[in-house]
1. Collect the residues in the range 1-21 that are of a type outside the set (Val, Ile, Thr), surrounded by 12 or more Cβ atoms within 10 Å (Cβ to Cβ) and modelled with pLDDT of 75 or more, keeping them in residue-number order.
2. Pairs only if they're at least six apart or on different chains, beta carbon under 7 angstrom, first in the range 4-26 and closer than 14 Å to Ala39 by Cα, second at pLDDT below 80 and not in a helix (DSSP H, G or I); list them, first residue then second.
Amino acid sequence: MFYPAALLAIKRAGGPLRTSYECERVIGKGHVRALIVLARRLVLVKAPIRDNRFTTKALA
């Protein structure tokens, strides 16, 4: 689920995930490895929202 989302994210020009992907490529990671890093970042963002663990207290 997150791998296709990562593929779509790098196709969006100028998006923050595209920038993250390009940074991974610049430091020498291959295409697939950079996509895996991007997919993991998507998991870290989506999982707390999915599990209803996101609270505004952490942001205050």
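The values are calculated or read from the model by the stated rules, or taken from the named source; none is laboratory data. Keep in mind it's a predicted model, so treat the numbers as computed, not measured. Reconstructed Cβ throughout: ideal geometry from the backbone, glycine too, with neighbour counts over all protein chains shown.
1. Matches in the range 1-21: Ala5, Ala6, Leu7, Ala9, Gly15, Leu17, Arg18, Ser20, Tyr21.
2. So the pair list comes out as Ala9/Gly15; Arg18/Arg12.
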